[in-house]
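Right, one structure below, let's go through it.
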Amino acid sequence: MPQHPSHPTQERLVEVFNILERHIEDRYGIPVMISDVLDPNTGDFDGVQIKIDYANDIEIAVFVLIHLFGHTVQWNTNERFREIGQDTNLKKSEEELVEIAEYEREATQLSLALLHEAGVRDLDQWVSDWWRADFAWLTNFYRTGERADFRKYMRAGAEPPLGTIPIPPFKATKWVSRWSF
């Protein structure tokens, strides 16, 4: 099956990861660590650092890095979003899923702003496709508890890219990691 035109090569993803890791550390003072993360998670964050699981392939690593950056900004600027992110209970109501959708979409819009700020402007469709697959997976997980392969939700190019929102000024503050309870 041919690759969708919005899908970056492995080489491009390695290049982007390296650009973003340095940008996040230099501009925002947030260390990015490649380490073991509590299974089955692909990454974790606590408001002052981002951890990416060493077992991730590069595609997952790039998405997790930028998405957790978006959540880091949210946790340091929006108390309600921090509460949403720390709530790991299953069986969410439809009202809660609407609020989670806003939380997840905004994290991705911040991710896109980070990419643009770092000079990466060719991954908007790819990031948006990943967000939609990730949120479909998350919705199913909250409804059923099933940890299916998220790739079954991937619909490359099915919808237009999300837009960006500005990254607000924030002071990195340490919070309890959502997987440290």
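Condition check ((1) in a loop (DSSP other than H, G, I, E, B); (2) under 29 Å from Arg27 (Cβ atoms); (3) among the hydrophobic types (A, V, I, L, M, F, W, C); (4) without any contact (Cβ under 8 Å) to a residue 24 or more places away in the chain) across all residues:
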site: Thr108; (1), (2), (3), (4): no, yes, no, no
site: Arg121; (1), (2), (3), (4): yes, yes, no, yes
site: Val127; (1), (2), (3), (4): no, yes, yes, no
site: Arg132; (1), (2), (3), (4): no, yes, no, no
site: Trp137; (1), (2), (3), (4): no, no, yes, yes
site: Asn140; (1), (2), (3), (4): no, no, no, yes
site: Glu146; (1), (2), (3), (4): yes, no, no, yes
Original post:
Under the condition of being of a type in the set (Asp, Glu) and within 17 Å of the chain's Cα centre (by Cα), which residue from the range 133-151 is modelled with the highest pLDDT?
Top reply: Asp134
Subject >> Pair list, Cβ under 7 Å, 6 or more apart: the range 152-179 residue surrounded by 11 or more Cβ atoms within 10 Å (Cβ to Cβ) and modelled with pLDDT under 95, other residue of a type in the set (Asp, Glu) and not in a loop (DSSP other than H, G, I, E, B) >> reply: Met154/Asp129; Arg155/Asp129; Ala156/Asp129; Gly157/Asp129; Ser177/Asp44; Trp179/Asp44
Original post:
Of all residues in the range 67-86, how many are touching a helix residue (DSSP H, G or I) at 6+ places or on another chain (Cβ under 9 Å) and free of Cβ contacts under 8 Å to residues at least 40 places away in the same chain?
Top reply: 7
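Quick test for you: out of Arg82, Arg105, pick the one residue that is within 15 Å of Leu68 (Cα to Cα) and either of a type in the set (A, V, I, L, M) or open to solvent by less than 40 Å² (accessible area, probe 1.4 Å) (or both).
On the way: Arg105 fails: either of a type in the set (A, V, I, L, M) or open to solvent by less than 40 Å² (accessible area, probe 1.4 Å) (or both).
Testing whether each residue is within 15 Å of Leu68 (Cα to Cα) and either of a type in the set (A, V, I, L, M) or open to solvent by less than 40 Å² (accessible area, probe 1.4 Å) (or both) leaves just Arg82.
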Original post:
Can you tell me which residues in the range 15-60 are open to solvent by 20 Å² or more (accessible area, probe 1.4 Å), among the β-branched types (Val, Ile, Thr) and within 18 Å of Ile167 (Cα to Cα)?
Top reply: Ile19, Val48
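In the set Thr88, Thr77, which member is farther than 23 Å from Arg151 by Cα and open to solvent by 50 Å² or more (accessible area, probe 1.4 Å)?
Details: Thr88 fails: farther than 23 Å from Arg151 by Cα.
The conditions single out Thr77.
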Original post:
What single numbered condition from (1) touching a Lys or Arg at 6+ places or on another chain (Cβ under 8 Å); (2) under 30 Å from His7 (Cβ atoms); (3) open to solvent by 50 Å² or more (accessible area, probe 1.4 Å) fails to hold for Ile100?
Top reply: (3)
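The values are calculated or read from the model by the stated rules, or taken from the named source; none is laboratory data. These figures come from a predicted structure and were not determined experimentally. Please note: Cβ atoms are built from the backbone with ideal geometry, for glycine as well, and neighbour counts cover all protein chains shown. In case anyone asks, the SASA skips ligands and DNA or RNA and just uses the protein heavy atoms, side chains included. Shrake-Rupley method; radii C 1.70, N 1.55, O 1.52, S 1.80 Å.
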